[in-house]
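Participant: Structure below; questions to follow.
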Amino acid sequence: MHTISVNLPANSYNILISSGSLAQLGSEMKKLNLGKKVLLVSNPEIFAYYGQTCLKSLENAGFETYTHLIPPGEPHKTLQSIEQVYDTALENHLERSSTLVALGGGVIGDMTGFAAATWLRGVNFVQVPTSLLAMVDASIGGKTGVNHPQGKNLIGAFYQPKLVLIDPSVLKTLPEREFRAGMAEVIKYGIIWDADLFTKLENAEDIDSFSTIDRELLQTILVRSTQAKADVVSQDEKEAGLRAILNYGHTIGHAVESLTNYQQFVHGEAVAIGMVAAGKIATVMGLWTEEEAYRQERLIAKTKLPTKIPAELDINAILTTLQSDKKVKAGKVRFILPTSIGKVTISDRVTEEIIKNIRR
């Protein structure tokens, strides 16, 4: 079991990484002295694969378990879905000492965390991510929320889990498209924090599917990505400064998701498009070299992720959507831009003209 600590002033917790660890969920939660009642939130497909393993582990550890299933996908990441979680919590008399467990990808994790943050003004919360993207990014750091029709994750709260349990073996049932989407976030860590990780990905033979990726490399990816996220979150829990760099690729990425109604791209694909766009903006602004931008785009393409903003998206619509982004400050959109492989800066000096130029 590899343990990574997220050290925070009031809400520290551990990330546990171990193949086969789903069967240890109950015993690991028991160590934390959580309440007796547990509501496991998942989607039907993930629950069919792994739900019984988790429930058996929890029940063997003495927990009283209940389940709530939410249909998969961003279209269900709504306040209406959260209300249905509340209904199940109410029906089963969950108390403030009770725990919500998120078994699933980033969407399930975000929604379960938001429900935990707001039910009875806050109940315990545990993350059991089943997608690569959730393992390396969404399950760590306490960002929870749902989408608004006008933008992604505009409704939410910072709410830290008590535990993140990562079992790499569950990736065997993850669709290849979702595995690649997770690799977008891994590449992000290489750009913003860990140049050595970026180089390892460049030198690897296969990084686009669970079936072909080297297992030692996968372990390295999980450990170094989660460590990077833990390091950043430990220094800036609520995005007062440094943590904003984790949004690299997300500014234009979120606009692309929103303008395609969350139907055309999964989150990691949109982030990949956003990273390439940010790389081009940084090149135009003279922040890094064309060679570095090319290395980034080549690595993203190697992972078989999209690299271009869809031609049918109107650039003016993108500019309008950017104004509703959570990272707008004093009316200016803040971009995370690379200055070299492994380092980024935060800039509010990206003009509309520069953004329009990256489409030419």
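Computed from the coordinates by the stated procedures, all read-outs in this text should not be read as laboratory data. Just so it is clear, the model here is predicted, and its values are computed rather than measured. Here the Cβ positions follow ideal geometry from the backbone for every residue, glycine too, while neighbour counts run over all protein chains shown.
Participant: Using 0.36 nm times the number of residues separating LEU313 and ILE346, minus their current alpha carbon distance, what extension gain do you get? Before the final figure, lay out the partial values.
Facilitator: Working: separation 33, 0.36 × 33 = 11.88 nm, distance 2.55 nm.
My answer for the length gained is 9.3 nm.
Participant: Quick one: what are the phi-derived ³J(HN,Hα) couplings along region 77-94, Karplus 6.51/-1.76/1.60 with θ = phi - 60°, whole Hz, x for glycine and proline?
Facilitator: My calculation for region 77-94 gives 7, 9, 5, 4, 5, 5, 4, 5, 5, 4, 4, 5, 4, 5, 4, 9, 6, 5 Hz in order.
Participant: Pick out, in residue order, every one of the chymotrypsin sites (Phe, Trp or Tyr not before Pro) in region 196-294 that is DSSP loop and has at most 13 other C-beta atoms within 10 Å; say none if there are none. Walk me through the numbers before you get to the answer.
Facilitator: Values: sites: PHE198, PHE210, TYR248, TYR262, PHE265, TRP288, TYR294; in loops: PHE210, TYR248, TYR262, PHE265, TRP288.
In loop regions of region 196-294 (DSSP not H, G, I, E or B), there are no sparsely surrounded chymotrypsin sites (Phe, Trp or Tyr not before Pro).
Participant: Looking at TYR262, ALA317, PHE158, which one has the Cα that reaches farthest to the positive end of the dipole of the chain (charges on Cβ: Lys, Arg +1; Asp, Glu -1)?
Facilitator: PHE158
Participant: Also: For every helix of n ≥ 4 consecutive DSSP H residues, a contribution of -39,500 (n - 2.57) applies; sum these over the chain, divide by its total residues, and give [θ] at 222 nm rounded to the nearest 500 deg cm²/dmol. All intermediate terms of the calculation are to be shown ahead of the outcome.
Facilitator: Working: 12 runs with 151 residues, N = 360.
Calculated mean residue ellipticity at 222 nm is -13000 deg cm²/dmol.
Participant: Need one word for region 183-357: rounded, prolate or oblate. Basis is the Cα gyration tensor (sqrt eigenvalues a ≥ b ≥ c); a/c below 1.5 gives rounded, then a/b vs b/c decides. Could the numbers behind the result be given before it?
Facilitator: Details: a/c = 1.62, a/b = 1.35, b/c = 1.20.
Prolate, because a/c is 1.5 or more and a/b exceeds b/c.
Participant: Can you compute the modelled spin-label distance between GLU64 and SER27, with each label point 7 Å from Cα toward Cβ, in nm?
Facilitator: 2.5
Participant: Follow-up. Could you give the dipole magnitude of the chain about its Cα centre, charging the beta-carbon of Lys and Arg +1 and that of Asp and Glu -1, in debye to the nearest 20?
Facilitator: Details: 37 positive and 39 negative charges, 128 e Å.
Using only the charged Cβ atoms, the result is roughly 620 debye.
Participant: Then there is this: Using the Cα centre as the reference, give the magnitude of the dipole from point charges on the C-beta atoms of region 2-173 (Lys, Arg: +1; Asp, Glu: -1; all else neutral), rounded to the nearest 20 debye.
Facilitator: 360
Participant: Related question: With the dipole of the chain worked out from charges on the C-beta (+1 for Lys and Arg, -1 for Asp and Glu) around the Cα centre, which of THR212, TYR13, GLY249 lies farthest toward the positive end?
Facilitator: Ranked along the dipole, the leading option is TYR13.
Participant: Does region 42-152 come out rounded, prolate or oblate, given a ≥ b ≥ c as the square roots of the eigenvalues of its C-alpha gyration tensor, rounded meaning a/c under 1.5 and, failing that, prolate meaning a/b above b/c?
Facilitator: Details: a/c = 1.56, a/b = 1.20, b/c = 1.30.
Here region 42-152 falls in the oblate category.
Participant: Using R₀ = 22 Å, calculate the FRET efficiency as 1/(1 + (r/R₀)^6) where r is the Cβ-Cβ separation of THR220 and SER5; round to 0.05. Each step should come with its number before you reach the end.
Facilitator: Details: r = 19 Å, r/R0 = 0.85.
Once rounded, the FRET efficiency stands at 0.75.
Participant: Given R₀ = 41 Å, what would the calculated FRET efficiency be for LYS238 paired with GLU205, taking r from the Cβ atoms and rounding to 0.05?
Facilitator: The formula returns an efficiency of 0.55 here.
Participant: Run the dipole for region 183-357 about the Cα centre, Lys and Arg Cβ at +1, Asp and Glu Cβ at -1, nothing else charged, and hand back the magnitude in debye, nearest 20.
Facilitator: Details: 21 positive and 25 negative charges, 89 e Å.
Roughly 420 debye for region 183-357.
Participant: Another question, then. Let me make sure I get this right: for the chain, a, b and c are the square roots of the gyration tensor eigenvalues over alpha carbons, sorted descending. Under 1.5 in a/c it's rounded, otherwise prolate if a/b > b/c, else oblate. Which is it? If you can, show how the numbers build up before the last one.
Facilitator: On the way: a/c = 1.87, a/b = 1.51, b/c = 1.24.
It is prolate, given that a/c is not under 1.5 and a/b is the larger ratio.
Participant: Using 1/(1 + (r/R0)^6) with R0 = 45 angstrom and r between the beta carbons of ASN92 and GLU353, what's the FRET efficiency to the nearest 0.05?
Facilitator: 0.20
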